[in-house]
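Working notes, structure below.
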Amino acid sequence: MILQAKDLSYAYKTKKDRLVLKQVSAEFEEGRFYAVVGSSGSGKTTFLSLLAGLDSPVDGMVKYMDEDIQRKGLNYHRKHHISLVFQNYNLIDYLTTEENVRLGGSKNPGSLLDKVSIPCEDWKRNVLQLSGGQQQRVAIARALASEARVLLADEPTGNLDEDTTQKIIELLKKMAHEHGKCVIVVTHSKTLANEADEIMEIDRGMLKKREKFKLDKEAI
Ligand SMILES: Nc1ncnc2c1ncn2[C@@H]1O[C@H](COP(=O)(O)OP(=O)(O)O)[C@@H](O)[C@H]1O
Ligand SMILES: [Mg+2]
């Protein structure tokens, strides 16, 4: 087990009496691909933020390799243990596409940008000149470059078309199954969730494992 949520409870400071997460526990292994699902507002982003060390729980703890992430500090956790694909989080707005991926630790950003289907004419453009969906893919390329053993992604296929979504799913799977990473993805997409090794659902502040979604072929 590489990452563990232990009895995590969380409330936003402005709504102290409302627990978004109530004693949530979960265990995550390397080499596995996890999907976290739940209706909008159920606390998925909050949960991922706690795992990422972007915020602290009001109760309980997050452990990395069996150590409370507070011990070395949340900055240390964010810097060394995890890579993040969060909207509006990790792209540096004054750098080019290529420079952003290089910052993730890649010596060959082009090959990663190629994997997420960013055409080479966009590599040297300022990253803000790219569309929302393209920026999302740059963030994914950047996370793929990271040495961190845990990859956390919040709705990584949110703005993407079906073909690109499929490509991203394949990449995330590969990161888990071939590169041995622990991949945790928050998603609305039942198709993406069904590709995961394990699906977890947040409902009324509680987290539980769930079965694959039954997909209605007619509806696709
Ligand atoms: N910064 C915030 N301040 C106060 N409440 C928030 C904040 N961010 C989210 N919430 C509330 O916390 C709950 C969970 O939000 P979130 O984790 O973003 O859900 P999800 O990602 O599943 O849509 C929602 O009710 C939301 O309104
Ligand atoms: Mg969210």
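Rule-based calculations on the coordinates, nothing more; no lab input. Remember, it's a predicted structure, so these values are computed and weren't measured experimentally. Cβ placement follows ideal geometry from the backbone for every residue including glycine, while neighbour counts extend to all protein chains displayed.
Odds and ends about this structure:
- Selection count where residues are more than 11 Å from ligand 1 (Cβ to nearest atom), free of Cβ contacts under 8 Å to residues at least 40 places away in the same chain and in a loop (DSSP other than H, G, I, E, B), scope segment 32-85: 4
- When restricted to residues that are within 24 Å of GLY73 (Cβ to Cβ) and not hydrophobic (A, V, I, L, M, F, W, C), segment 24-55 contains 8.
- Just so you know, in segment 5-18 the residues that are more than 10 Å from ligand 1 (Cβ to nearest atom) and crowded, with 18+ Cβ neighbours inside 10 Å include one that is nearest to SER42 (Cα to Cα), and it is LEU8.
- Restricted to segment 31-46, and to residues there that are of a type outside the set (Ser, Thr, Tyr), under 21 Å from MET61 (Cα atoms) and within 9 Å of ligand 2 (Cβ to nearest atom), the residue that is nearest to the chain's Cα centre (by Cα) is LYS44.
- Scanning segment 103-117 for residues being of a type in the set (Lys, Arg) and touching a residue at least 24 places away in the same chain (Cβ under 8 Å) gives a total of 1.
- Test for CYS120: is it in contact (Cβ under 8 Å) with a residue 40 or more places away in the chain and either farther than 30 Å from ALA5 by Cβ or more than 16 Å from ligand 1 (Cβ to nearest atom) (or both): no
- Candidate set: segment 47-69, residues that are farther than 19 Å from ARG210 by Cα and within 16 Å of ligand 2 (Cβ to nearest atom); chosen: the one surrounded by the fewest Cβ atoms within 10 Å (Cβ to Cβ): ASP55
- Residues within segment 22-44 that are touching a strand residue (DSSP E or B) at 6+ places or on another chain (Cβ under 7 Å) and either over 20 Å from GLU198 (Cα atoms) or surrounded by fewer than 18 Cβ atoms within 10 Å (Cβ to Cβ) (or both), tallied: 7
- Residue in segment 86-96 that is of a type in the set (Ser, Thr, Tyr), at negative phi, in contact with an Asp or Glu (Cβ under 8 Å, 6 or more places away or on another chain) and surrounded by 14 or more Cβ atoms within 10 Å (Cβ to Cβ) present: no
- Close Cβ contacts (under 9 Å, 6 or more residues apart or on different chains) running from residues in segment 1-25 that are in a loop (DSSP other than H, G, I, E, B) to residues that are among the aromatic types (Phe, Trp, Tyr) comprise MET1/PHE28; ILE2/PHE28; ILE2/TYR64; ARG18/TYR12; LEU19/TYR10; VAL20/TYR10; VAL20/TYR12; VAL20/PHE47.
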